[in-house]
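Read-outs throughout are calculated quantities, based only on the coordinates presented, and are distinct from any laboratory measurement. These numbers come from a predicted model, not from an experiment. Cβ coordinates were reconstructed from backbone atoms using ideal geometry, including for glycine residues, and neighbour counts include every protein chain displayed.
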Amino acid sequence: MGDREREENPGRVVLDCGDVASAERFDMWTDAVNRSFVPLRAWSADPATRAGFAGKLVAQELGPLSVSSVSGSPVRVSRTRSEIARDDPGHIKLGVQLQGRSVISQDGRDAILLPGDFAVYDTTRPYSVDFDDSFRMLVVMFPLETLRIDRARLRALTASRFSGHEGVSAIASSLLRAFDSALEDGTLRNRMPLSDAVLDMLTAALGERLELVLDSGGDADRRALLTRIEMYIAAHLGDAELTVAQIAAAHHVSVRYLQKLFEGRNDTVSSWIRHRRLDATRRDLSNPTQVGQQIASIGARWGFTDATAFSRAFRTRFGVTPSEYRAEALQH
């Protein structure tokens, strides 16, 4: 990569094994994958495949996300307890199949992915990814806390196939695949709104599946209603006058029924709104493009009209004040 490209797009990494001698390619690709993600183990059962390995990796930071396009010859990649003990950042990974076929295994489940499909897996526990032919996959790695799903509930979804052709997961897959060409040609830039869009859509897809898993055989209309309510709240987070009664009325249900929907998630409507608002302020506080905005203004943008109450709520949720969080986040 030239100096000019590196200056215009800092954080971008490009590695093509075709640039080195064939005997060095497999080890070079494995080393690049380890440095871009977490410690992993890679091997090929076929010595001929290993000797003539063809692989490429293009990676780019996108806010809190690490987005990579990974391709190669048939290979098996795994993360064992040994690798976890060496380095455990607690991140979540999402793999979107772009070409070929893969099998992602974790927590006793196997997700067979074809182009367009995706699956999530947790780097804190052992997993493996098998590619039985030449492949290309978009891999997104991010901290768990950027999702609105805790690790215990996410465990029910690891190594589960999300179809790239139906439901909310199809929309999420389409959004993620759109990043691939921009990643390859170097036009993908580190922009916070892009990472927010990815995380919001992924949370929606995971939430849709989680309702099916935890409430198997339940009312599909109820799940669809809850999804619509969450989308409505997300669209009105900045409205300081947003009330539970208003949300209920907008969806033609009683306040009591609305509260019951959220009770099934061990939450209340008000608490869910407050947490989403705090998550939004945290993203803005860590966004370099927002450095000129006063902290109180960021809080007000997301419905916190009282600066003192905002600071107190932020510290209760994240353990630091908004100013402390911003100072720390913008150092990196």
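When 53, 318 are sorted by how many other C-beta atoms sit within 10 angstrom of their C-beta, beginning with the fewest, the order is 318, 53.
How much length is gained on full extension from residue 16 to residue 99, taking 0.36 nm per residue of separation minus their Cα-Cα distance? The partial results should precede the final answer.
Values: separation 83, 0.36 × 83 = 29.88 nm, distance 1.74 nm.
Length gained, residue 16 through residue 99: 28.1 nm.
The mean sequence separation of alpha-carbon pairs under 8 Å and at least six residues apart, normalised by the residue count of the chain, gives a relative contact order of 12 percent.
Taking R0 as 51 Å, what FRET efficiency do you get between residue 270 and residue 41 from their Cβ-Cβ distance, rounded to the nearest 0.05?
Values: r = 46 Å, r/R0 = 0.91.
Once the sixth-power term is evaluated, E becomes 0.65.
What is region 240-279 by shape, rounded, prolate or oblate, if you read a ≥ b ≥ c off the alpha carbon gyration tensor as root eigenvalues and call it rounded for a/c under 1.5, prolate for a/b larger than b/c, and oblate otherwise? Can you show the working numbers first?
Numbers: a/c = 2.86, a/b = 1.19, b/c = 2.39.
Oblate, since a/c reaches 1.5 and b/c is not below a/b.
Scaled to the compact-protein estimate 2.2 N^0.38 Å, what is the alpha-carbon radius of gyration of the chain, rounded to two decimal places? List each step's numbers first, then the result.
On the way: Rg = 21.4 Å, N = 332, 2.2 N^0.38 = 20.0 Å.
Normalised Cα radius of gyration, the chain: 1.07.
Among 86, 209, the ranking by other beta carbons within 10 Å of each residue's beta carbon, starting with the fewest, stands as 86, 209. Within the chain, the whole DSSP H helices whose Cα atoms reach 20 Å or more along their own axis and whose mean Kyte-Doolittle score is at least -0.5 are 167-185, 192-214, 220-235.
Using the count of nearby Cβ atoms within 10 Å as a rough guide to exposure, how do 29, 302 rank from fewest to most? Show your work: numbers first, answer last.
Values: 29 25, 302 20.
Listed from fewest to most nearby Cβ atoms, that is 302, 29.
In this label model, residue 263 and residue 197 are separated by 3.9 nm, measuring between points 7 Å along each Cα→Cβ vector.
Using the empirical formula 2.2 N^0.38 Å as the baseline, the Cα radius of gyration of region 219-329 reaches a ratio of 1.17.
Close amide H contacts of residue 62 (hydrogens built in the peptide plane, cut-off under 5 Å, sequence separation of 5 or more or a different chain): 67. Taking 0.36 nm per residue of separation and subtracting the current Cα-Cα distance, fully stretching the chain between residue 134 and residue 114 would add 5.9 nm. Globularity index of region 3-189 is 0.99 (Cα radius of gyration / 2.2 N^0.38 Å, N = number of residues). Distance between the pseudo-spin-label points of residue 246 and residue 31 (7 Å out from Cα toward the beta carbon): 5.7 nm.
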